[in-house]
Amino acid sequence: MTAMVGEERMLVDGSLVPSSNGATYPTVNPATEEVLGVCADATPADLDAAVAAARRAFDETSWSTDVDFRVRCLRQLQQAMTDHADELRALTIAETGSPLFFTRLAALDEPVAALGWVADMAEGYEWTRDLGTATPLGMPARRWVRREATGVVAAITPWNVPHQINLAKLGPALAAGNTVVLKPAPDTPWCATVVGRLITDETDIPAGVVNIVTSSVADFGAPLAIDGRVDQVSFTGSTDTGRKVMAAAATTVKRVFLELGGKSAFVVLDDADLSAACATAAFMVCTHAGQGCAITTRLVVPRGRFDEAVDQTAATLTTLAAGDPFDPGTVCGPLISERQRARVERYVALAREQGGTIVVGGGRPSDKAKGFFVEPTLIVGLGQDSAVVRDEIFGPVLVVVAHDGDDDAVALANDSPYGLSGSVWSGDRDRAMAVAGRLRTGTVGVNGGIWYSPDVPFGGYKQSGIGREMGVAGFEEYLETKSIAEPA
């Protein structure tokens, strides 16, 4: 396997195959706008074949019942990805624009390491729990609760951190005994298909257990939500699309996991180390050009220290210029596509129209003739009802709003349709923890605490989704519960 293979094929029923009509589409380097190569552009017949293969592998093989074998296969996949880390890193940077430093974290290395945690957890999991005897309806009975695989899982993933999200679905779904049809985003097909290549070449995962279908069409995976052969849909993406997935899945009443949008608040209380807090907020919004659903993109600061906070945040942002993602010093790389850059630019223009002030950035870097780059941008002067304050932008854009004390800070942070993540900074730990407890979000970092880890459940409140990914809770998303009783 090489980092730039030129052409990647789908994985269907254990074979690496082109699309059934031979169609391909290009994958593009977002930092240079150069075509890296092509990927199979699937047809509906290809998707149907992938679902049929997954159904067959679940119904007709021992995959769902052989825990030891599944654990061994997961360890093989982890080892294969570790062995090819340098090639995967180069491919990931080229295809996604993820900065090199970020591939050593959530963009590659940490998701690969997490496969080991999932294997360990499955190996020691209590698959059957004995409830002992009781006398329901006057009849002595012994009862058990068993956890079993859901069946065929359709995993639909986005482009921002494809290894993280692909493996966060594949790992626990496979460990639980499911078979999978993975439909990656059109922008990042190679990050998925190279995993398929490693599965076929370097693991014992049986044919049909993992099927990876690539397409240039954004909603190509939509039929998976209504297909009666699919038992569960695991979707990560926008809230608008998540609503459609949920509605479609209702037609067959299948299980749905949704990890959706966010507009997370970075709350700074009046006794916080303002310099450290603002520098952290600036760094976070620039990481991978702000293309992360859990990134804190609203900086909520004390009104009495507003100007100071803006100055300190701006000072940090000016040191984080958008740059070459292969450069070890780059934090803010390119956006994934011209389409995404245009979206970010529309929001910056809207901020100006609505009376906002662009303190830093707001345009394209003058030294970048190629690539989908946007300057790290700081915006002030917008009301709580502004679209820039309320919408998920998915770019390196930070908006600052003022609060009038802890209660107001909590109210502002919670005044959002989303509830994915958040951050609280204070010089008083108890005070920070009290505010953190009042935020209606699935994850909260206190004074810079990092919650991201394979054993920590991740997901959101409100319109940020349903269910949890990672941790034991994420593993159990892919399990059914069966109760059994016999006469005692």
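The values are calculated or read from the model by the stated rules, or taken from the named source; none is laboratory data. No experiment lies behind these values; they were computed from the predicted model shown. Counting neighbours? That spans all protein chains shown, and the Cβs are built from the backbone with ideal geometry, glycine included. Ligands, DNA and RNA are stripped out before the accessible areas are found, and what is left, the full protein with its side chains, is counted by its heavy atoms. Shrake-Rupley method; radii C 1.70, N 1.55, O 1.52, S 1.80 Å.
Data for the structure
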{"quantity": "Amide proton proximity set for S234, modelled H, under 5 Å, gap of 5+", "calculated": "A154, A155, I156, F257"}
{"quantity": "Local net charge near S423, Cβ-Cβ under 15 Å (Lys/Arg +1, Asp/Glu -1)", "calculated": "+4"}
{"quantity": "Antiparallel bridge percentage (DSSP; both residues within the chain; nearest 5)", "calculated": "45 percent"}
{"quantity": "Ellipsoid semi-axes in whole angstrom, largest first, where each is sqrt(5λ) of the Cα gyration tensor of the stretch 157-255", "calculated": "22, 17, 11"}
{"quantity": "Charged-residue dipole, Cβ positions (Lys, Arg, Asp, Glu), the stretch 321-391 about Cα centre, Debye nearest 20", "calculated": "180 debye"}
{"quantity": "Area accessible to solvent at R72, 1.4 Å probe radius, in Å²", "calculated": "110 Å²"}
{"quantity": "Summed side-chain charge close to C39 - residues other than C39 whose Cβ falls under 13 Å, Lys, Arg +1, Asp, Glu -1", "calculated": "-3"}
{"quantity": "Largest to smallest accessible area among M10, M433 [probe 1.4 Å]", "calculated": "M433, M10"}
{"quantity": "Lysines with Cα under 19 Å of K254, excluding same-chain neighbours fewer than 8 positions away", "calculated": "K169, K183, K244, K482"}
{"quantity": "Exposure ranking of T318, T330 by accessible area [1.4 Å probe, largest first]", "calculated": "T318, T330"}
{"quantity": "Packing-based ranking, highest mean first, of 257-263, 18-24 given that Cβ atoms within 10 Å are counted", "calculated": "257-263, 18-24"}
{"quantity": "Accessible surface, 1.4 Å probe, highest first, among residues M470, M139", "calculated": "M139, M470"}
{"quantity": "Under 12 Å from the Cα of K370 - aspartates and glutamates, other chains or at least 8 residues apart", "calculated": "E33, E34, D324, E338"}
{"quantity": "Rounded to 10°, Cα long-axis angle of helix 109-124 versus longest principal axis of the chain", "calculated": "40 degrees"}
{"quantity": "Debye intensity ratio I(q)/I(0), log10, the stretch 88-157, q values 0.15, 0.21 Å⁻¹ (C-alpha model)", "calculated": "-0.75, -0.98"}
{"quantity": "Inter-part distance where the stretch 111-171 and the stretch 453-484 are each reduced to a Cα centre, Å", "calculated": "9 Å"}
{"quantity": "The chain pair-distance distribution - Cα-Cα, 10 Å bins, rounded %", "calculated": "4, 20, 28, 25, 15, 6, 2, 0, 0"}
{"quantity": "The chain: angle of helix 44-60 to the longest principal axis, Cα-based, in degrees nearest 10", "calculated": "50 degrees"}
{"quantity": "Solvent accessible area, Å² - C73, 1.4 Å probe, full protein context", "calculated": "0 Å²"}
{"quantity": "Overall dimensions of the stretch 260-397 by Cα: Rg and Dmax, Å", "calculated": "14.1, 44"}
{"quantity": "Cα gyration tensor, the stretch 1-119 - rounded (a/c under 1.5), prolate or oblate", "calculated": "oblate"}
{"quantity": "Under 19 Å from K462, Cα to Cα: aspartates and glutamates that are on another chain or at least 8 residues apart", "calculated": "D240, E259, D385, D391, E392, D415, E477"}
{"quantity": "Residue-count net charge about R147 - beta-carbon cut-off 11 Å; Lys, Arg +1, Asp, Glu -1", "calculated": "-1"}
{"quantity": "Three-way shape label, the stretch 124-211, alpha-carbon gyration tensor, a/c 1.5", "calculated": "prolate"}
{"quantity": "Nearest 10 degrees, 0 to 90: helix 338-353 Cα axis against the chain principal axis", "calculated": "40 degrees"}
{"quantity": "Computed [θ] at 222 nm, deg cm²/dmol, the chain (DSSP H ≥ 4; -39,500 (n - 2.57); rounded to nearest 500)", "calculated": "-11000 deg cm²/dmol"}
{"quantity": "Cα point-scatterer Debye curve for the stretch 393-488, base-10 log of I(q)/I(0) at q = 0.13, 0.18, 0.22 Å⁻¹", "calculated": "-0.57, -0.95, -1.24"}
{"quantity": "Average projection area in nm² (convex hull over Cα atoms of the stretch 39-78, one quarter of hull surface)", "calculated": "3.9 nm²"}
{"quantity": "Among T24, W63, V35 the positive-end extreme of the charge dipole of the stretch 1-80 (Cβ point charges)", "calculated": "W63"}
